[in-house]
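The values are calculated or read from the model by the stated rules, or taken from the named source; none is laboratory data. A quick note: this is a predicted structure, and the numbers were derived from the prediction, not measured. Glycine also receives a Cβ, built like all others from the backbone with ideal geometry; neighbour counts cover every protein chain displayed.
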Amino acid sequence: MIKVGVILGIALLCSFLSVARGESYTPGQKVLKDFDSFAQSFLANHCVDCHGESEPEGNLSLHDLGPVDEVNAAIWRSVWAQVTLKEMPPKEMDQPNVIERLQFSDGIVGELTHVMSDKGGFHDHLDPNKGNYVDHDLLFGSLPDGIKLIPTSSPARIWRLTPQEHITRLNELINTEPEYDPEKPGLRTHGDVVPTNHGGELKLYFGTDRIIKWQGGTVAYATAVKSLPAVLSSARAHGLENYPDFYTVNSAEATQILDVADDIIRYMAYGPLSIAQPYQITDDPNSIADKMKGDIRGLPTSLVYSTKIVRPLTPVYDLMQAEGVGDHLLRAAVDDLFEALTFRPPTNQESDDYLVIVKQSIEKLGKEEGATLGLSAIFLDRDALFRPELVETGQPDSFGRIMLQDWELGLAINHALRYIKPDEELRAAIIEGRMRTRDDVKREVVRMLADDSIRKPRILRFFRDYFDYDLGGYICKDSKALSETGVSNRGQSHYNAMFDATASTDRLIELILRDDKDVLRQLLTTDKVVATKDDNVYFGKRRSKAETAASVAAAKKAAEEMALIEAAELEAWLKANPGKEPPKPQKKKQETVNHNITEADLSGPDIYARVSRRSFGNGSMKPERILATVPESQRLGILTHPSWLVSHSDAMDNHAILRGRWIRERLLGGGIPDVPITVDAMLPDEPQNTLRERMRVTKETYCWTCHQKMDPLGLPFEMFNHAGLYRETELDKPVDTTGEIIDSGDPAIDGAVANAIEMIEKLAESKRVEQVFIRHAFRFWMGRNETLNDAPVLQNAYQAYKESGGSMNALLTSLLTSDAFLYRTKP
Amino acid sequence: MGAGAAFGLPLFPERLLASSTSNTTPKRIVFFMQNQGFDPDTCIPEGMKRSSSLATAKLPEPISALEPYKERLHIINGLHGLHTSPSHSAFFGALGGYRGSDGVPPSASTIDYELSKVLPPTLLPHLCIGMDSIENMTTKPTIATLSASGAGQPIFMHSNPNHLYQMLFGGISTGDIRRQHEARSNVLNQIEELAASKGRFLPTADQQRYGQFVEGFKEVNGLRDRLGTVADHLRKFAPPVDARYTNPEFETDWHDVLLELGISSLTSGITNTLTIGSGRGEIFGAWKGLGIEQQGHNLGHMEQPGNPIWIKIRQYNCRMLVRIMEALESVPEGSGTMMDHTLIVYTSNNADKQHTSGANWPVMLLGNFDGTFKTGCFTQLDGKRPLNSLYATILQAAGVSCDYFNMDEKLARKFDTGVGPIKELLV
């Protein structure tokens, strides 16, 4: 492998030297050449030898491909991917020089974008999952002659809120979350995201902070309490989920938001009285016992609310409480609600517009109904659902870039870290004109990062998107296959354990971020785990068949010995008490021993994880955790935690391909072309064979070109079963955990590995892996893929990270004060 | 208003009238989901073990109201929903054919939504209504537990008939409902204007995406306008608004008027897909108006066969089914009536009983969906085909070929011994 790397290096150097003389290339600028003739000559020089008219490789002829059009768009798309990723021409063939390749790639994107503009568009190059298509060595190495970068910026745009952001924003209107407690830093507090509930659903809950009693059990509570599911949709589960150009708000969502608004405004005005009878509000539930008679489980009338008002009391409350409808009360309610929903004060025009709507509605329906309906309109303001970065007022620099400023800049910074509106200091800075320069940004970013009481859920969101450890509870497991892993398959217990595991991993990441040293390496190699009791099972070991049998036999023997002892004791008692009736033996508690596993012995100090408010009665998620150490030599870092492992599994088994793909893309920065439509991507159904054995089908030449990038990186995780338990055997044979890092781009780490732990140790040492992490952070915070023009930003960010000893805060400060973050260009 | 409604593309008012001149057969579908399970012994005629005709059989007491409609009825026993893990309720999984539970978001779209997309378009492609205790319907007038348009995209159902009436028939309403309709129309028109004005100077790439947001309001407002233009037509179908709307004595008053609104939306041609959640997909619900004092969870703990309470609830359901059929039969369509082109799927969101593995999921079909489904018979399946295969069958009958609905091949290998439609059900 090292040899190949060296040869590649030399080849690269040669191609650098052979850059077309006198020709310069600027990323992002339209190729001036006539693309059709350029492309034809490129194909003729580099492709048609193998993909010619007769017996073409892969049954693909390119000799008569012709200019890009809607008929051959799919082939051109594939050509673009192969050439951009340097899969083609094959390594042993003559290579186009760097600029030629970049121009060819850019040209295809330009043509496809044009041709497909009214057919859904061409977006591959903008997709975060294809961000790695930009050559890593060009981004972090020195550029060959002829490539000229221009100062970078991001496009002017609007950015739709995510479902989490939206629910958290709405939650601020009706619930008061506890203030940050430095003594219990893990507890969910004001500014944290509203987490998903016991079943993994994102919901807004009404009045749960005041419910002091309810009738019935878990489900009865869940049915009785008022909750609303997230309305905005999110179509992506894996990877970076939220680029600005992903989503809009459709008509069904908009109309549902109007209904949600009605419920929220009523709760803002009347609190639990908007959903309960007056008698239900008392601090002495016994005093209303007569009204709570009979089976009222599941009804809203089965709840008792305390009398203490805990929701925020805002001008909407003042308006509804006051007699009449004075203009100043109306305007205060409009302005306050507008800022609560858009995070900025309304302009005079906006304030007037909404005031008119509210007044007209009141005129029609009276105060209560009219004000509620009229104020609901604000929930559908553009800026309540989309965050604009439009730079409508600034002056462009010589490169046509305009720097964000004032509210747009302040809200961009706020959004980089937070889901709730700017705190007072940031708000004051914006209003006082102190949000206009790079230093202004740095001042606020550094301040916010240094203050733990300012919760920063968006940083955690990045790690969820990057690692994808939060999907385990959504992977539907086959009941029998789950039971074979050794964990309980009763009811929802596994799924609940997975949602708990997500919250635990969140917390572990926060602890690593708190130390802020060598963050990525720590994430990959920590020996710590934030654990619930269930984790003794999930971090345990699945016993082999022989071990299980031995455990059963030992238990049986122990029971027999105990019976003998008890019989002897009884005999002795009868001897000592002749003629008397012996006391009845005490009923023994049936011990449930899971012979299939050796539990981990996790212990450590008590800590907390952020979980949802009570959503399922006594079955709701609990925040209590411990900070423990993982079993040595069995686990290393969060890629070996069940939260990540199960998130990368399927109903029946591990998903070695998905795991391998994750390593290839998120750590090594490699790209995997889309599966060709001709591939029937199914493993054989052979329950008698291991996953590794069944994956033999991917070794066929046609498949292996891509699968060698994934499979050997995913198979080392076969040391765990698909519930994340450590194992040494599979199907009664020693489990094969070997794998290989092939052609990683960092020759030092290429080579065979014995298992996942050895592989992770190697990866954690790699500079390239750190740089790929930086690339993902860039994408998340810029909301777009990097281009070559972003090379200086990425290099600065990497340098900041390295020089600070692996500080996430330093990395963030660098990214958020970069041109890519601060400047916008209008198309 | 508008929750539970996915709005279709702007259409000409003619489309609204289920016209016999239309080139496409205006099929329609109704899903009626009773909660707490559907015990097969409450619907299969006594002694009937094998697939056979219902012609000479006597329907059990709980479904006796369907006796006169036997020739339209198809009782199916032996589908399964093991993979939906119903236990208390499969929630979205009942219509989606995937794992569901309390608090679990939908993992894909549900069959009712998918059908609403493939059936000939109507002004309102899909309407969901939910029946529950009066307390739940008033404090939570919209809720989403059964239908979804995609992963994590629940569709809300309506439970307040006043709101629903306003949405469907606001244009021809009078009094309070009229005033609310006008006020709401005014607000929505202004929201559309404001939304449009804030989209004028967006970058080109964003204009299209933001345009969909603005277009959404145009659709909502356009629907209202179009409903307004066919007011005379709607008047023929709109139910009268009476005291049951504003002053219900029992929850069943609201159940009844919600049903009437659902029926009107079908007969008037406003929609062609109606989902009814009796008990709203959860494990509670109340039917005090039927003289059933107990409510909620205890109803599910009772054995259903021979139980006077469950006989009442099931009979009430069946009377509702009869009302739907009678109404659809009264509207001529093509060479027959609307009912000739309709399929009603009656089942539970919770298989056969409250605490269930989902090994058996009884279903009753009413109507033949324009001659595609067998009727007048009982079909006993072998328990090896999932609920999903019934949905694939309906999709096929609606013109969309489907091997497995919401089931990848890997899962299908485990949970479905067949492929595509259930042949025993089709003509």
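The single residue among A:Gly239, A:Gly298, A:Gly324 that is more than 37 Å from the chain's Cα centre (by Cα), on the phi > 0 side of the Ramachandran plot, among the small types (Gly, Ala, Ser) and part of a loop (DSSP other than H, G, I, E, B) turns out to be A:Gly324. Assessment of region A:644-661 against the conditions (away from chain B (no Cβ under 14 Å) and out of contact with any helix residue (DSSP H, G or I) (no Cβ under 9 Å at 6 or more places or on another chain)) yields no matching residue.
Condition (residue is over 14 Å from B:Pro362 (Cβ atoms), assigned to a helix (DSSP H, G or I) and either touching a residue at least 12 places away in the same chain (Cβ under 8 Å) or of a type in the set (S, T, N, Q) (or both)) applied to region B:37-58: is it met by at least one residue? So far as region B:37-58 goes, no, none of its residues is over 14 Å from B:Pro362 (Cβ atoms), assigned to a helix (DSSP H, G or I) and either touching a residue at least 12 places away in the same chain (Cβ under 8 Å) or of a type in the set (S, T, N, Q) (or both). Once region B:133-149 is narrowed to residues that are touching a helix residue (DSSP H, G or I) at 6+ places or on another chain (Cβ under 7 Å) and either in a helix (DSSP H, G or I) or not polar (S, T, N, Q) (or both), the residue that is farthest from A:Leu471 (Cα to Cα) is B:Ile134. Only one of these conditions is not met by A:Lys584: (1) at pLDDT 95 or above; (2) loosely packed, with under 13 Cβ neighbours inside 10 Å; (3) over 20 Å from A:Val630 (Cβ atoms); (4) not aliphatic (A, V, I, L, M). Which number is it? Result: A:Lys584 fails condition (1) only. Residues in region A:208-266 that are free of Cβ contacts under 8 Å to residues at least 60 places away in the same chain, facing chain B (nearest Cβ under 7 Å) and under 22 Å from A:Arg614 (Cβ atoms): 1 in all. Within the span defined as region A:588-600, every residue fails to be surrounded by 22 or more Cβ atoms within 10 Å (Cβ to Cβ), under 30 Å from A:Lys709 (Cα atoms) and among the β-branched types (Val, Ile, Thr). For A:Pro712, the stated conditions do not hold, so it cannot be described as in a loop (DSSP other than H, G, I, E, B) and either on the phi < 0 side of the Ramachandran plot or not basic (Lys, Arg) (or both).
How many of the residues making up region A:565-616 are touching a Ser or Thr at 6+ places or on another chain (Cβ under 6 Å) and within 14 Å of chain B (Cβ to nearest Cβ)? Full working, then the answer.
From region A:565-616, those touching a Ser or Thr at 6+ places or on another chain (Cβ under 6 Å) are A:595-596, A:609, A:613-614, A:616; that's our starting set.
Those still in the list that are within 14 Å of chain B (Cβ to nearest Cβ) too: A:613-614, A:616.
Adding up the residues that qualify gives 3.
Among the residues of region B:95-129, just one is in a loop (DSSP other than H, G, I, E, B), surrounded by fewer than 24 Cβ atoms within 10 Å (Cβ to Cβ), of a type in the set (A, V, I, L, M, F, W, C) and more than 12 Å from chain A (Cβ to nearest Cβ), namely B:Leu119. Is region A:161-175 home to any residue that is farther than 30 Å from A:Phe338 by Cβ and either surrounded by fewer than 20 Cβ atoms within 10 Å (Cβ to Cβ) or more than 14 Å from chain B (Cβ to nearest Cβ) (or both)? Checked region A:161-175: no residue is farther than 30 Å from A:Phe338 by Cβ and either surrounded by fewer than 20 Cβ atoms within 10 Å (Cβ to Cβ) or more than 14 Å from chain B (Cβ to nearest Cβ) (or both). For the residues A:Gly745, A:Gly783, the requirement of being in contact with a His (Cβ under 7 Å, 6 or more places away or on another chain), more than 27 Å from A:Gln634 (Cα to Cα) and either free of Cβ contacts under 8 Å to residues at least 24 places away in the same chain or among the small types (Gly, Ala, Ser) (or both) singles out A:Gly745. Annotation note: of A:Ile760, A:Ile774, the sole residue that is part of a helix (DSSP H, G or I) and in the same structural domain as A:Met498 (by TED's automatic domain parsing) is A:Ile760. A:His190 meets the conditions (1) over 25 Å from the mean Cα position of the chain (by Cα); (2) surrounded by fewer than 18 Cβ atoms within 10 Å (Cβ to Cβ); (3) not β-branched (Val, Ile, Thr) in every case but one. The failed one is (1). Kindly list the number of the only condition in (1) facing another protein chain (nearest Cβ under 9 Å); (2) at pLDDT 90 or above that fails for B:Thr142. B:Thr142 satisfies every listed condition except (2). Within region A:789-809, the set of residues being surrounded by fewer than 21 Cβ atoms within 10 Å (Cβ to Cβ) and aliphatic (A, V, I, L, M) comprises A:Ala800 only. Any residue that is part of a helix (DSSP H, G or I) and either at pLDDT 95 or above or over 24 Å from the mean Cα position of the chain (by Cα) (or both) - is there at least one of those in region A:727-746? No.
I'd like to know if region A:350-370 contains one or more residues that are more than 9 Å from chain B (Cβ to nearest Cβ), surrounded by 21 or more Cβ atoms within 10 Å (Cβ to Cβ) and under 30 Å from A:Ile413 (Cβ atoms). Among the residues of region A:350-370, not one is more than 9 Å from chain B (Cβ to nearest Cβ), surrounded by 21 or more Cβ atoms within 10 Å (Cβ to Cβ) and under 30 Å from A:Ile413 (Cβ atoms), which makes the answer no. Residues that are surrounded by fewer than 22 Cβ atoms within 10 Å (Cβ to Cβ) and not in a loop (DSSP other than H, G, I, E, B) were ranked within region B:150-162; the one that is modelled with the lowest pLDDT is B:Gly150.
If we keep just the residues of region B:186-223 that are of a type in the set (Phe, Trp, Tyr) and within 36 Å of the chain's Cα centre (by Cα), which is nearest to the other protein chains (Cβ to nearest Cβ)? Can you show your working first?
The initial filter retains those residues of region B:186-223 that are of a type in the set (Phe, Trp, Tyr), namely B:201, B:210, B:213, B:217.
Next, from what is left, pick out any that are within 36 Å of the chain's Cα centre (by Cα): B:210, B:213, B:217.
Details: B:Tyr210: 6, B:Phe213: 5, B:Phe217: 7 Å.
Ranking the candidates gives B:Phe213 first.
The single condition among (1) more than 11 Å from chain A (Cβ to nearest Cβ); (2) at pLDDT 95 or above that B:Pro86 does not satisfy is (2).
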